[in-house]
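The values are calculated or read from the model by the stated rules, or taken from the named source; none is laboratory data. Just so we're clear, the structure is a prediction, and the values are computed from it rather than from any experiment. Counting neighbours? That spans all protein chains shown, and the Cβs are built from the backbone with ideal geometry, glycine included.
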């Protein structure tokens with residue numbers, strides 16, 4: 001027999017213990033025939049193994065059904081199912097897909113072999129597939145490399161790379177340098193779906209995941225950080241034997257079609273991004289052209305046309321004898337002054353010169369004097 005004693009009950013100074021010491025001790029009554037310590041640890045590891053570590057997806061499950069009730073009904077036939085959960089999309093809407101968690105490989109190979117689960121006395125079947133995480137390629141926003149690290153732990157924070165021009169300078173979302181990828185040196189920004197370095201990295205990750213038909217992962221157990229021996233992984237031979245030989249060509253065809261769809265999507269995203277870049281460049285060019293023309297017109301009106309109109313207005317006003325005609329002429333002159341003010345407001349990018357201001361004041365003073 002073994003006696004398990006809690007050290008926290010017997011030792012009042014448990015808080016002073018070193019970090020890493022187990023919170024209990026084992027005392028054997030028979031010290032001569034005590035078992036091996038390694039066997040004890042293995043036995044504890046088997047008892048503390050993770051509750052579940054394998055996942056599968058069910059399709060065509062009506063959204064109005066409760067996933068918990070669906071899982072309880074499946075447990076009657078397959079006890080290794082420990083949990084069922086409904087999947088949702090954006091907005092909290094239910095979809096016809098349910099995730100199942102298995103505690104072992106006892107029933108999963110059989111289910112995957114048939115590719116469905118039958119319920120209601122063989123009247124209803126549901127398709128199931130193993131869970132394979134989507135292939136995501138991480139890119140560091142500091143060095144722009146696809147190295148599996150992020151900007152938080154990048155070793156090149158003192159020498160950042162621009163995502164747009166690929167040169168070494170601080171982050172600038174309005175960088176005006178030529179567009180150049182920091183990875184493949186082609187004329188596109190870093191992270192472009194058509195970047196050959198990104199495509200190679202994604203294909204590498206896809207091939208690694210494709211080699212495993214069922215991903216068996218277990219978190220570190222409560223005693224060590226090792227997972228070997230705690231959760232038995234499904235070998236390649238066992239996986240191959242679990243799938244019928246006639247279904248392999250079909251799976252290959254499905255994977256090929258999915259790869260083509262992904263490539264088409266990437267090409268479409270690239271076209272959209274290129275069109276947006278071209279549109280942005282054209283808009284910038286048109287804006288610059290309009291601003292230049294406005295500045296030229298404003299300069300001509302203030303420095304050429306306005307002085308000439310002022311001199312002509314003085315001459316015409318003095319030549320008029322009738323007060324009504326003078327008043328009508330002043331109204332026309334006021335319209336010209338208002339036009340100059342509007343043009344000045346529109347041309348905010350061009351600073352007003354002292355000569356322009358003086359001419360404007362002269363016209364206003366001349367109008368006020370004539371009105372009096």
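Check the range 111-125 and report whether any residue there is modelled with pLDDT of 80 or more and out of contact with any strand residue (DSSP E or B) (no Cβ under 6 Å at 6 or more places or on another chain).
If we filter the range 111-125 for residues that are modelled with pLDDT of 80 or more, which is where we start, we get none.
Looking through the range 111-125, none of the residues is modelled with pLDDT of 80 or more and out of contact with any strand residue (DSSP E or B) (no Cβ under 6 Å at 6 or more places or on another chain).
Of the residues making up the range 262-296, those that are surrounded by 12 or more Cβ atoms within 10 Å (Cβ to Cβ) and either modelled with pLDDT under 80 or within 28 Å of the chain's Cα centre (by Cα) (or both) are 262, 263, 266, 267, 269, 270, 273, 274, 277, 291, 294, 295. In this structure, does residue 311 turn out to be out of contact with any helix residue (DSSP H, G or I) (no Cβ under 7 Å at 6 or more places or on another chain), under 30 Å from residue 186 (Cα atoms) and without any contact (Cβ under 8 Å) to a residue 24 or more places away in the chain? For residue 311, the condition - out of contact with any helix residue (DSSP H, G or I) (no Cβ under 7 Å at 6 or more places or on another chain), under 30 Å from residue 186 (Cα atoms) and without any contact (Cβ under 8 Å) to a residue 24 or more places away in the chain - is not met. Does residue 161 satisfy the criteria of being touching a residue at least 12 places away in the same chain (Cβ under 8 Å) and assigned by TED's automatic domain parsing to the domain that holds residue 185? Taking the combined requirement at face value, the residue satisfies it. Any residue at all in the range 51-70 that's modelled with pLDDT under 70, farther than 30 Å from residue 124 by Cβ and part of a loop (DSSP other than H, G, I, E, B)? No, the conditions are met nowhere in the range 51-70. Considering every residue within the range 280-292, establish whether at least one is in contact (Cβ under 8 Å) with a residue 24 or more places away in the chain and assigned to a helix (DSSP H, G or I). Yes, the range 280-292 contains at least one residue that is in contact (Cβ under 8 Å) with a residue 24 or more places away in the chain and assigned to a helix (DSSP H, G or I).
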